[in-house]
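Note sheet for the following structure.
The values are calculated or read from the model by the stated rules, or taken from the named source; none is laboratory data. Nothing here was measured: the structure is a model prediction, and the numbers come from that model. Cβ coordinates were reconstructed from backbone atoms using ideal geometry, including for glycine residues, and neighbour counts include every protein chain displayed.
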Amino acid sequence: MTHEQAASSIAERFSSASIETGTPLTVSVPPDQWRSFAQFAKESLGCRFFNFLSAVDWKEAGLEVVAVVDNLDDNLSLRMKTRLGSGEARCPSLVPVFRGANWMERECYDMFGVVFDDHPDLRRILLGDDWQGHPLLKSYAVDTPHPPYR
Amino acid sequence: MAIKSPVPEVPAPVWRSFKDLQEFEALRQRRPEGDKHSAAFEALTEGIHQFPGGFVVTTLADTFFNWARKSSVWPVTFGLACCAIEMMATFASRFDVERLGMVPWASPRHSDLMIVSGTVTIKMAPMLERIYAQMPDPKWAVSMGSCANSGGPFRHGYHVVKGVDRVIPVDVYVPGCPPPPESLLNGLLLLQEQIAHFRRTGQRAAPNEKLD
């Protein structure tokens with residue numbers, strides 16, 4: 001499956017998705033279609049390799065969750081995004097589709113505070129359990145006190 | 001939560017309770033009641049010291065014991081980051097700290113020196129503190145590299161302790177990023193001088209100047 005075929009089949013199935021052609025193919029979907037789009041990418045586009053998942057903090061415009069899934073057989077890479085909206089931190093989890101998303105979503109919750117619905121084990125993964133706040137948010141000051149060491 | 005300027009204002013280190021070397025020395029000099037043997041030994045050494053010409057024996061013995069103490073410093077292996085590679089190189093055959101009597105030992109309970117080699121994160125600091133507390137008194141600490149000295153290139157990060165001297169008392173700061181084995185060797189020689197100074201005077205010497 002080429003990029004053009006993938007883009008046309010996405011446009012056919014998801015009318016509200018905005019598609020930027022290029023490498024990788026970038027698709028933005030609303031959060032309520034996030035998991036169904038991932039299911040579609042896995043089953044119809046053959047993107048079975050879950051590469052990574054992270055988030056971007058666009059300050060007033062809210063958080064954006066980004067994931068890259070790959071079809072290694074056809075050399076197709078798909079970057080999928082979803083805007084959560086201002087002040088919103090809930091997002092559907094991809095764990096029912098890709099089991100590899102488990103720790104990625106835990107890390108995303110740890111660093112950005114994105115709460116993934118239906119995640120089986122959503123708790124901090126890198127920082128200590130007693131950590132306050134989510135340090136990769138733009139609103140987190142780097143000299144936030146952390147007694148007794150800072 | 002307001003966005004602050006990118007350069008953080010780092011507050012001064014807060015010292016918490018730790019057992020000083022002088023406390024240990026006072027404890028060592030206090031003898032339990034009814035200890036006949038050590039009292040007899042002390043009387044004997046005092047007698048030798050007061051005997052004409054006998055001071056040569058006692059002072060030479062003191063010098064010998066001081067040399068023996070400072071030449072048998074066992075560091076606990078505590079590698080945290082890339083500085084640990086340089087520390088391992090220092091322990092290995094080319095630089096060979098074993099000629100200084102140092103044996104890298106994997107147990108804090110048998111060691112009297114901790115070389116903090118690398119970045120101390122806020123998550124790691126309680127473990128570092130616990131390992132330091134497990135070492136028997138008298139104990140020394142060498143802070144190796146920029147990260148352990150002050151946070152180094154990660155000083156403006158959210159997760160790094162800005163200098164290991166906020167967690168444990170440090171005797172020698174070794175600058176560099178990472179310090180080469182020669183640098184660490186120099187630091188260890190400085191530490192030997194400090195140990196000799198402590199044995200002579202009963203006072204812990206001030207740490208050397210901290211260069212990031």
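Summary of computed values
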read-out	value
Lone unmet requirement of (1) of a type outside the set (Gly, Ala, Ser); (2) touching a residue at least 40 places away in the same chain (Cβ under 8 Å); (3) touching an Asp or Glu at 6+ places or on another chain (Cβ under 7 Å) for A:ASN71	(3)
Test: A:ALA141 is away from every other protein chain (no Cβ under 14 Å) and either aliphatic (A, V, I, L, M) or farther than 30 Å from B:VAL161 by Cβ (or both)	no
From the options A:VAL68, A:VAL114, A:VAL142, residue that is surrounded by fewer than 19 Cβ atoms within 10 Å (Cβ to Cβ), of a type in the set (A, V, I, L, M) and under 11 Å from the mean Cα position of the chain (by Cα)	A:VAL68
Filtered residues of the range A:93-122 (kept if within 30 Å of B:GLY157 (Cα to Cα) and in contact with a Phe, Trp or Tyr (Cβ under 7 Å, 6 or more places away or on another chain))	A:SER93, A:GLY100, A:ALA101, A:MET104, A:GLU105, A:TYR109, A:VAL115, A:PHE116, A:LEU122
Test: residue in the range A:89-99 that is within 14 Å of chain B (Cβ to nearest Cβ) and surrounded by 16 or more Cβ atoms within 10 Å (Cβ to Cβ)	no
Qualifying residue in the range A:13-31 (condition: modelled with pLDDT of 90 or more and in a loop (DSSP other than H, G, I, E, B))	yes
Only one of B:PRO138, B:PRO179 that is under 18 Å from B:VAL73 (Cα atoms) and more than 14 Å from chain A (Cβ to nearest Cβ)	B:PRO138
Criterion violated by B:ALA206 - all others in (1) surrounded by fewer than 21 Cβ atoms within 10 Å (Cβ to Cβ); (2) within 28 Å of A:LEU136 (Cα to Cα); (3) aliphatic (A, V, I, L, M) satisfied	(2)
Output for the range B:143-167, where each listed residue is of a type in the set (A, V, I, L, M, F, W, C) and crowded, with 22+ Cβ neighbours inside 10 Å	B:MET144, B:CYS147, B:ALA148, B:VAL160, B:VAL161, B:VAL164, B:VAL167
Residue within the range A:119-136 that is closer than 26 Å to A:PRO24 by Cβ and away from chain B (no Cβ under 12 Å) present	yes
Selection within the range A:85-110 - over 13 Å from the mean Cα position of the chain (by Cα), farther than 17 Å from A:ARG35 by Cβ and at pLDDT 90 or above	A:ASP110
Sole exception among (1) surrounded by 19 or more Cβ atoms within 10 Å (Cβ to Cβ); (2) in contact (Cβ under 8 Å) with a residue 40 or more places away in the chain; (3) out of contact with any His (no Cβ under 9 Å at 6 or more places or on another chain) for A:LEU76, by number	(3)
